Amino acid sequence: MDIQFCFIANARIGENKLHQLRSSIEHRFSPQQFVLHITQYGGHARVLAKEAVANKIKTIIAVGGDGTVNEVMQEVVHTDSVLGIIPTGSGNGLARHCSIPLKIDDAVKLITSGKVLKIDTGKANAIYFISNAGVGFDAWVCHKIKETKSRGLKMYIKKVVQSYFGYQSATYQIIADGKSFTQKAFFLNVANGKEFGYGFEIAPNATLQDAYLDMILVKKINAFTGFSFVLDGWRKKLSSNKNCMYIRTKKISIQSPQLQYMQTDGDAHDCDGTCEIEIHAASLQVIVPDHIESL
């Protein structure tokens with residue numbers, strides 16, 4: 001029997017979760033059906049996913065957080081392979097959007113009991129993303145996080161606070177679906193999905209199947225605007241926040257001499273003054289619970 005399922009697990013999830021994962025997989029799949037790879041270095045998940053696609057493995061499962069999902073997705077997008085997700089990260093934005101169980105055994109069970117839906121992806125410069133891409137403060141924080149080995153909500157909040165006091169807003173030249181304008185912004189996020197991570201909805205009206213991106217530009221953050229921004233994000237009302245600009249678009253160009261970094265699904269990348277973002281409709285197949293009709 002040919003291998004049908006390729007599990008790609010981020011080694012950073014730890015031995016306890018890896019043990020749970022192995023036990024759950026071995027309970028539900030025969031040894032001839034699956035292969036389990038554990039990453040050995042940063043970027044290894046993408047290498048393993050590329051090999052799995054080349055070997056025509058039908059279902060490729062990312063085990064980790066949004067970063068691991070993003071790595072695997074880079075090779076699965078625009079192919080016949082299907083993406084499965086076992087969420088073991090801290091934010092798990094895509095998994096939450098897709099109602100994928102956060103418990104390992106339940107998520108493994110979903111791989112065979114769920115159904116496949118086609119979803120949109122975005123592309124920022126040469127990098128695909130599922131949840132969101134951004135420039136400005138959020139990209140700067142992601143860059144700072146990339147320099148550390150720690151993860152989790154507490155660490156994220158710590159980096160946000162540390163980065164805030166030394167960060168300067170930039171002025172961006174923006175073209176959205178052919179319409180051009182200039183705007184100073186604390187950060188600018190282009191969302192395909194709702195979730196920013198940890199249950200915070202950066203784009204409450206976004207869907208993964210509408211062939212549109214939702215742009216949220218945050219003009220400034222201070223003691224007054226910051227509180228309402230965070231509160232509206234948790235209340236799923238950020239699109240109506242007075243300090244934000246909200247635009248639905250299929251393609252957006254962002255330029256600024258101060259544009260050093262962008263982030264895709266929470267992973268920072270170098271950016272030399274320009275970020276070109278566009279939608280790729282129905283470009284990725286993903287396993288979701290059987291009761292989900294749309295995303």
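Below are the figures for this structure:
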read-out: One residue from Arg28, Arg12 being more than 20 Å from the chain's Cα centre (by Cα) and more than 22 Å from Ala124 (Cα to Cα); value: Arg28
read-out: Matching residues in the stretch 249-270 - criterion: being within 12 Å of Ala133 (Cα to Cα) and touching a Phe, Trp or Tyr at 6+ places or on another chain (Cβ under 8 Å); value: Ile254, Tyr261, Thr264, Asp265, Ala268, His269
read-out: Failed criterion for Tyr41 (all others in (1) surrounded by fewer than 18 Cβ atoms within 10 Å (Cβ to Cβ); (2) touching a residue at least 12 places away in the same chain (Cβ under 8 Å); (3) within 19 Å of His269 (Cβ to Cβ) hold); value: (2)
read-out: Number of positions in the stretch 108-133 that are assigned to a helix (DSSP H, G or I) and out of contact with any Ser or Thr (no Cβ under 6 Å at 6 or more places or on another chain); value: 5
read-out: Flag if Ala107 is touching a residue at least 24 places away in the same chain (Cβ under 8 Å), of a type in the set (Gly, Ala, Ser) and outside the structural domain of Ala203 (by TED's automatic domain parsing); value: no
read-out: Within the stretch 165-177, tally of residues that are at pLDDT 85 or above and either in a strand (DSSP E or B) or not polar (S, T, N, Q) (or both); value: 7
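The values are calculated or read from the model by the stated rules, or taken from the named source; none is laboratory data. Predicted model only: the values in this text are computed from it and were never measured. No Cβ is skipped: glycine too gets one built from the backbone with ideal geometry, and neighbour counts run over all protein chains shown.
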